[in-house]
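Some notes on the structure that comes next.
The values are calculated or read from the model by the stated rules, or taken from the named source; none is laboratory data. Remember, it's a predicted structure, so these values are computed and weren't measured experimentally. So basically every Cβ, Gly included, is an ideal-geometry build from the backbone, and we count neighbours across all protein chains shown. Quick note on the areas: whole protein, heavy atoms, side chains included, nothing else; ligands and nucleic acids left out. Shrake-Rupley method; radii C 1.70, N 1.55, O 1.52, S 1.80 Å.
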Amino acid sequence: MCLIGVVAVATIALLHHPNQITREPLIAHTATVLILLSAFFIGYQFWQRQKKLILASKVVEMELLKFRAAIEQSPSIIMITDVNGAIEYVNPAFSRVTGYSFEEVRGQKPRILKSGELEANVYADLWKAIASGEEWRGEFHNKKKNGELFWELASISPIRDSSGKIIRYLAVKEDITRRKQAEMMLEEYSLNLENMVEERTLQRDSARVSLFMAEKLSAMGRMAAGIAHQLNSPLGGGMLYVDALIDRWEGPDEGREHLFRLRDLFMHMRDIIDAMLAIARVKKRSESARVQANINAIIDRVLNMSSLECRNRGICVERIFGNDLPLIPAHLGDLDQVVINIVNNAIDAMEKGGKLSITSVRANDGVRICIHDTGSGILPEHMDHIFEPFFTTRPGSKGTGLGLSIANEIVDRYQGKISVQSTAKGTEFAVWLPSDGITTESESCEG
Amino acid sequence: MTHDKRKVLVVDDEPSVCEGIELVLTPAGYEVKKALTGEDAVALVEQEDFDVILMDLIMPGMDGTEACEKIKAMKPTIRVVAISGSPSGQRLDRFLRAGGIELYLYKPFGKQELLDGVEKAMRGEYIRFRNDA
């Protein structure tokens, strides 16, 4: 500054007394030098100042760049709107997520992203909050440019100027579609879980009922076994009397025929009692005798026991017995149980009549028994479950659901195979039992 | 045995069984005595000699196995045959150990089965009769 003053003075002096100065070359020279120096100096200062300004603006620019890069590269969606909500800026993340470019949304309101899935009052709440200067946080279910729906978590806040007036709004949003989906899945699962628990509780209750029924049946079975046992005695007497009568018969031959018929009936009664006792004994396996079982005899017994039920329902019974069937080593009653359970199943399927056919045939070192009914069949979705304990398609008290599972267990124990085929016209069970314990593949029955 | 007729004792709580057996065995040359209880049977054996005893296993009061024990204690050479409607394996086992022979007649049996069984018992054969399943 003082240098400028000196220069100024010198210049003025020169101007006022140009003659004086030009007469004194020394003064003139000094003045020139001084002027030059000052000019140079001023120029230098000026240049420095410019440099500073440029530097300062560069610094500002860099700071700006720093913030700009942060916003541009942020993975969060950043949107800036004016006080009315018109979009002034969106960062690249916005375009990436929504599919809209900056140009496409500039000047528009954010409602272009509305999917219609969110209730209107969410938006009303939002405006109320931010207009009064508060921050608002919430979730939007929005729509991308390609129509795809997505979820975002948004923080929307007002931006104020130095006087505190709201001049813009800033929205920072996260795409939470994944998280939302997981949440919804979790909710579904938890609902499912509740349902499953309810179902299981029902199942358990039904299992309790079935167990009770099974116990009741078991008690009944024991009682029936006791009765059957006692029947053996008078039956025994009866047989001997008939035999004695046959021996002493002196009347017409027709009479003797009647006696033979009577004897047959006694034998039949014996078979029925045998079968009942055999079943009742299934539990006490260690005590029950192991015998060589004649499959045809077993089937006969079972059909005899069921004949009344079949007649009542109008079911006609057909039996086709194979010849030379090998005997199957088994505990007394086990195989009876298998046949009875499957036959009962078949009979149950034919409430309004039909045809029950049982075939026995030699197959692969064993015997194959086919039991066919003309009921309405087993539904495909039930097929996987029919051998499960307590599974029954007969609601209410009619069926413990244990029959087939017991049959399956017994067949398994004897290393046999059991299979089912079913259509809407009927069902066929095929049971194969080995006659010497060696397992072989079973085929389904033809015809 | 010291008598010429072969003596059989039938023990069963069902009268028709006893009578029926008598009807079959008497014409076949046997002398038949009947008892309706185990106690009666033991009492009879005390007083008389028998070749074969047909013993029902399940009776009220003293059952067949117990009666068999007592009888075998008294007269060890008597053959005791079990007659019963399908007894359990356990029961037969106990009967065997009480001294019964391994020949069972499962009720209801016919005339021929009975005769064969008694013959075999007389001959001292210990064949096990089984039901075909």
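Some observations on this one:
- A:PRO395 meets all of the listed conditions (1) touching a Lys or Arg at 6+ places or on another chain (Cβ under 9 Å); (2) modelled with pLDDT under 95 but one, namely (1).
- Boolean, B:LYS33 is within 18 Å of A:TYR241 (Cα to Cα), away from chain A (no Cβ under 14 Å) and of a type outside the set (S, T, N, Q): yes
- Whichever residue in the stretch B:1-22 is free of Cβ contacts under 8 Å to residues at least 40 places away in the same chain and surrounded by fewer than 17 Cβ atoms within 10 Å (Cβ to Cβ) and, among such residues, is farthest from A:GLN230 (Cα to Cα): B:ASP4
- Scanning the stretch A:194-212 for residues that are open to solvent by less than 100 Å² (accessible area, probe 1.4 Å) and farther than 17 Å from A:GLU388 by Cβ turns up A:ASN195, A:VAL197, A:THR201.
- Of the residues B:LEU25, B:LEU57, B:LEU103, the single one that is away from chain A (no Cβ under 13 Å), touching a residue at least 12 places away in the same chain (Cβ under 8 Å), under 30 Å from A:LEU265 (Cα atoms) and in contact with an Asp or Glu (Cβ under 9 Å, 6 or more places away or on another chain) is B:LEU103.
- On inspection, B:ALA121 does not qualify as part of a helix (DSSP H, G or I), touching a Ser or Thr at 6+ places or on another chain (Cβ under 9 Å), open to solvent by less than 10 Å² (accessible area, probe 1.4 Å) and small (Gly, Ala, Ser).
- Filter pass, A:ASN84 being surrounded by 12 or more Cβ atoms within 10 Å (Cβ to Cβ), modelled with pLDDT of 85 or more and within 30 Å of A:GLY133 (Cα to Cα): no
- Residues satisfying the stated conditions in the stretch A:312-345, i.e. modelled with pLDDT of 85 or more, open to solvent by 40 Å² or more (accessible area, probe 1.4 Å) and not in a loop (DSSP other than H, G, I, E, B): A:ARG313, A:CYS316, A:VAL317, A:GLU318, A:ARG319, A:ILE320, A:PHE321, A:ASN344, A:ASN345
- Looking across the stretch B:1-40, the residues that are under 16 Å from B:ALA121 (Cβ atoms), in contact with a strand residue (DSSP E or B) (Cβ under 6 Å, 6 or more places away or on another chain) and either of a type in the set (Ser, Thr, Tyr) or in a helix (DSSP H, G or I) (or both) come down to B:ILE21, B:LEU25, B:TYR30.
- Tally, over the stretch B:57-70, of residues that are open to solvent by 80 Å² or more (accessible area, probe 1.4 Å) and either within 14 Å of the chain's Cα centre (by Cα) or under 15 Å from B:LEU44 (Cβ atoms) (or both): 2
- The set of residues in the stretch B:71-93 being surrounded by fewer than 19 Cβ atoms within 10 Å (Cβ to Cβ) and part of a helix (DSSP H, G or I) consists of B:LYS72, B:ALA73, B:MET74, B:GLY89, B:GLN90, B:ARG91, B:ASP93.
- Enumeration of residues in the stretch A:106-140 that are open to solvent by 30 Å² or more (accessible area, probe 1.4 Å) and in a strand (DSSP E or B): A:LYS114, A:TRP136, A:ARG137, A:GLU139
- All of (1) in a helix (DSSP H, G or I); (2) surrounded by 11 or more Cβ atoms within 10 Å (Cβ to Cβ); (3) without any contact (Cβ under 8 Å) to a residue 24 or more places away in the chain hold for A:SER155 with one exception: (1).
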